[in-house]
Amino acid sequence: MTKEEIVKIAAEAALEYYKREQERQSKVKRDRRLRNTKLLLRNYRRFKIHCADNVRVLEELKDPNSFEYLDMDEMAIESIIKNKERTAAMVQYIDRMIEIYRILSERSKKPEDLRRFNTIYYLYIADDEKTVDELSDCHNIDRRSVYRDLNRGCEALSSLIFGVDGIRLIS
């Protein structure tokens, strides 16, 4: 074998390794976004409760004479204020994306799309939450189908929340 042939083989091997690594990184990134979507949904009701009291707490935190927070470091107060504002912004954003997902699901010609939205809605959003068993009975489907609907619905919602980065592009 000549040097040129060895270099060519090594370059092709390096390029192939690089492509595989890029695909792996892309999958990890996508999986992380899907995981984050599920995490946001599982904590959605807590975030809503957190935000419900935000206005009063933010006014107290911003009032320099508030006796409740006089002993706190100013940096700690600023950190709490920023956290509460970020949480409120995130909840508003999630609310908008859920509303868009609802509209898309209702307009879809596929009944499973609306069922997937309802699965997410009743498991994580609605005040009158339902269990997997209740959803299974309600839609006359197996429990595994509820979990499949949940996963597919979260994938669709993830693409709305994270945009094009939330989907896997096939090349």
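The values are calculated or read from the model by the stated rules, or taken from the named source; none is laboratory data. What you see is a predicted model; the values in this text were computed from it and never measured. Heads up, the Cβs are rebuilt from the backbone with ideal geometry, glycines too, and the neighbour counts pull from every protein chain shown. These area figures cover heavy atoms from the full protein model, side chains too; ligands, DNA and RNA do not enter into them. Shrake-Rupley method; radii C 1.70, N 1.55, O 1.52, S 1.80 Å.
Give me the pairs, please: first residue somewhere in the stretch 100-113 and farther than 21 Å from Tyr147 by Cβ, second residue anywhere and hydrophobic (A, V, I, L, M, F, W, C) and open to solvent by less than 60 Å² (accessible area, probe 1.4 Å), beta-carbon distance under 6 Å, and either six or more positions apart or on two chains.
Ile100/Leu160
Yes/no per residue for (1) outside any helix (DSSP H, G or I); (2) open to solvent by 40 Å² or more (accessible area, probe 1.4 Å); (3) under 29 Å from Arg24 (Cα atoms):
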{"residue": "Glu99", "(1), (2), (3)": "no, yes, no"}
{"residue": "Glu112", "(1), (2), (3)": "no, yes, no"}
{"residue": "Glu129", "(1), (2), (3)": "yes, yes, no"}
{"residue": "Asp133", "(1), (2), (3)": "no, yes, no"}
{"residue": "Ile161", "(1), (2), (3)": "no, no, yes"}
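Just to verify a result, which residue in the stretch 26-53, among those that are of a type in the set (S, T, N, Q) and modelled with pLDDT of 75 or more, is least open to solvent (accessible area, probe 1.4 Å)?
Thr37
Out of the stretch 75-95, which residues are surrounded by fewer than 12 Cβ atoms within 10 Å (Cβ to Cβ) and within 27 Å of Leu114 (Cα to Cα)?
Ala89, Gln92
A quick yes/no check of all residues on (1) over 28 Å from Ile49 (Cβ atoms); (2) surrounded by 15 or more Cβ atoms within 10 Å (Cβ to Cβ):
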site	(1), (2)
Arg115	no, yes
Asp137	yes, no
Arg143	yes, no
Tyr147	no, no
Cys154	no, yes
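Looking at (1) modelled with pLDDT of 95 or more; (2) outside any helix (DSSP H, G or I); (3) not β-branched (Val, Ile, Thr), find the lone condition where Arg144 falls short.
Going through (1) modelled with pLDDT of 95 or more; (2) outside any helix (DSSP H, G or I); (3) not β-branched (Val, Ile, Thr) one by one, Arg144 breaks only (2).
Could you say whether any residue in the stretch 67-79 is of a type in the set (Phe, Trp, Tyr) and modelled with pLDDT of 95 or more?
No, the conditions are met nowhere in the stretch 67-79.
Residue check: is Leu15 open to solvent by less than 100 Å² (accessible area, probe 1.4 Å), closer than 30 Å to Ser158 by Cβ, assigned to a helix (DSSP H, G or I) and at pLDDT 75 or above?
Against the criterion (open to solvent by less than 100 Å² (accessible area, probe 1.4 Å), closer than 30 Å to Ser158 by Cβ, assigned to a helix (DSSP H, G or I) and at pLDDT 75 or above), Leu15 does not qualify.
Name the residues in the stretch 76-102 that are under 18 Å from the mean Cα position of the chain (by Cα) and among the hydrophobic types (A, V, I, L, M, F, W, C), would you?
Within the stretch 76-102, Ala88, Ala89, Met90, Val91, Ile94, Met97, Ile98, Ile100 meet the criteria.
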